[in-house]
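Report on the following structure.
Quick note: the coordinates plus some simple rules give every number you see, no bench work behind them. It should be emphasised that the depicted structure is a prediction, and the values quoted were computed from it without experimental measurement. Backbone-built Cβ (ideal geometry, glycine too); neighbour counts: all protein chains shown.
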């Protein structure tokens, strides 16, 4: 009985062990199956990651090639721009050389070009022409349309010649006595002259408009001529202005005031209306002598002021006109 019991116990333990073995085998099979599923998932994930990496690398390569292409295009564009700039400078130099070749043919031409004789004569003649038109009964507002038309013609001429270097060279060579070297590739100073007069004639009375023209035409020319000749003997007010030039402008302003209000307006009073003449001895606290002196001061100040480096052909008539208008208005007898 004791031996049987031992055997039975042994067999029972043995059978349990077999069951455990079978369960272990089954679990191993399940683990193998699970491992195979996980492996498939890992393979799929890895493939997806590889696709993403490849796409990223491809897009990076495309972007880099695009950057290289755009960089090359930028270099080509810069080179083209530099070439155009060099071409423009070369053509401007040719035009300047054309002027030089013409005025250096004789000492007379050198003198004419250096002192801008034709320009100064034309500049001064505008004042004389304006006084003649006044005596013919022409109102300043009647001159606005002709001035605008002249502005359009000169502006168009400048614009076209800038676009055509060969034409520019021919025009510059033909009008060497009127065109400054700085105007070879920039707009003519006459345009500023015309704009200034158009503004003055549009908004200011007749007598003030006449004064503006004379201060621009005569006082500015006097300041430039005397300043160049005698400015080196007098102190400098600024790098481009001297006491000699400002004095000439002042004296010309005084003379212009006496000429307008002392002779032309009284002599041709029948051509004016009450609205045309702002200053009269009866309506102002200023006498003619005081008004003339202050006009000279305004002429010098307007010629001296450098307003944002705008051409003085514009600043002189506009500034002097509004200064005179303000002075007369402020001293009127109420």
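Below are the figures for this structure:
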{"read-out": "Nearest-0.05 FRET efficiency for residue 187 and residue 122, computed from C-beta distance (R0 25 Å)", "value": "0.90"}
{"read-out": "Length gained when the stretch residue 156-residue 301 is fully extended (0.36 nm per residue, less Cα-Cα span)", "value": "48.9 nm"}
{"read-out": "Radius of gyration and maximum dimension Dmax of the stretch 120-179, Cα, Å", "value": "15.4, 44"}
{"read-out": "Whole-angstrom gap from the stretch 162-194 to the stretch 224-267, using each part's C-alpha centre", "value": "28"}
{"read-out": "For the stretch 227-308: span of alpha carbons on each principal axis (Å, largest first)", "value": "46, 26, 22"}
{"read-out": "132, 176 arranged by Cβ crowding within 10 Å, fewest neighbours leading", "value": "132, 176"}
{"read-out": "Quotient of C-alpha Rg and 2.2 N^0.38 Å, computed over the stretch 187-240", "value": "1.42"}
{"read-out": "Exposure proxy order (Cβ contacts within 10 Å, fewest to most) of 123, 270, 289, 139", "value": "270, 289, 139, 123"}
{"read-out": "Residue order, fewest to most beta carbons within 10 Å, for 224, 125", "value": "125, 224"}
{"read-out": "Estimated FRET transfer efficiency when R0 is 41 angstrom, pair residue 177-residue 264 (beta carbons, to 0.05)", "value": "0.85"}
{"read-out": "In nm, spacing of pseudo-spin labels at residue 230 and residue 133 (7 Å Cα→C-beta vector)", "value": "3.2"}
{"read-out": "Per-peptide average of other Cβ atoms within 10 Å, ordering 177-184, 324-331 highest first", "value": "324-331, 177-184"}
